[in-house]
């Protein structure tokens, strides 16, 4: 039943008014939801003409089940991300740059890239440019200084966000990842490093939250 901008499915109250309020529909966080629950939520989004649909933390088994019911559903296995379509690029002169410190950070970076692309942003990605070899990131100064917003995805000690912010005038969205050895505490050390950065112009999202970083970067890019 639809009431006050949402549909009550008992196990979920689907916010079908969010597209009108925010410009984009509610994301479906798929981890720990059953494939049947996801299908019922997705069917409501489609019924109420939600134009941009995000399915985050979607594993392949659940995707295959959904694909059998919604043949137009697309999927990126690296990012564990499902979507229906990408918006057209709104402004080709405004570029968002997504950086990963290491190869192991790419799944989170890809989640940010897909979110940005689906929301209609021009995106450039540069991967494996962490501070263990600073010549790698310095080789991309042209892209760094051209970007309107930069997303930096890094685990371990997560120093890349500070380095990048010190080189550019664009706002930096920092994403700590859970990769690293024991004292990384599943991303907590990376999170604390980014929060405690002395370099101004950095905003930090939660551990492994590529979707959140891509979303806020898109809002900034299209103001």
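Computed quantities for the displayed model
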| quantity | calculated |
| --- | --- |
| Neighbour-count order for 181, 75, fewest beta carbons within 10 angstrom listed first | 181, 75 |
| In degrees, nearest ten, helix 210-221 long axis to first principal axis of the chain (Cα) | 80 |
| Residue 196-residue 4 pseudo-label distance in nm [points 7 Å out on the Cα-to-Cβ vector] | 4.4 |
| Nitroxide proxy distance, nm - points 7 Å out along Cα→Cβ at residue 124 and residue 34 | 4.8 |
| Stokes-Einstein diffusion coefficient of segment 2-83, Kirkwood radius over Cα pairs, 20 °C, 1.002 mPa s, in µm²/s | 167 |
| For the chain: relative contact order, % (alpha-carbon pairs under 8 angstrom, 6 or more apart) | 15 |
| Residue exposure sequence - 211, 185 - by fewest surrounding Cβ within 10 Å | 185, 211 |
| Spatial extent of segment 37-140: Rg and Dmax, with the Cα atoms as the point set, Å | 16.1, 51 |
| 10 Å binning of all Cα-Cα separations within segment 95-221, expressed as whole percents from 0 upward | 16, 52, 29, 2 |
| Burial order of peptide ranges 58-66, 172-180 (average beta-carbon count within 10 Å, highest first) | 172-180, 58-66 |
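None of the figures in this text is laboratory data; all of them are computed from the coordinates on show. Keep in mind that this is a model prediction, so the values were computed, not measured. Neighbour counts run over all protein chains shown; Cβ positions are idealised from the backbone, glycine included.
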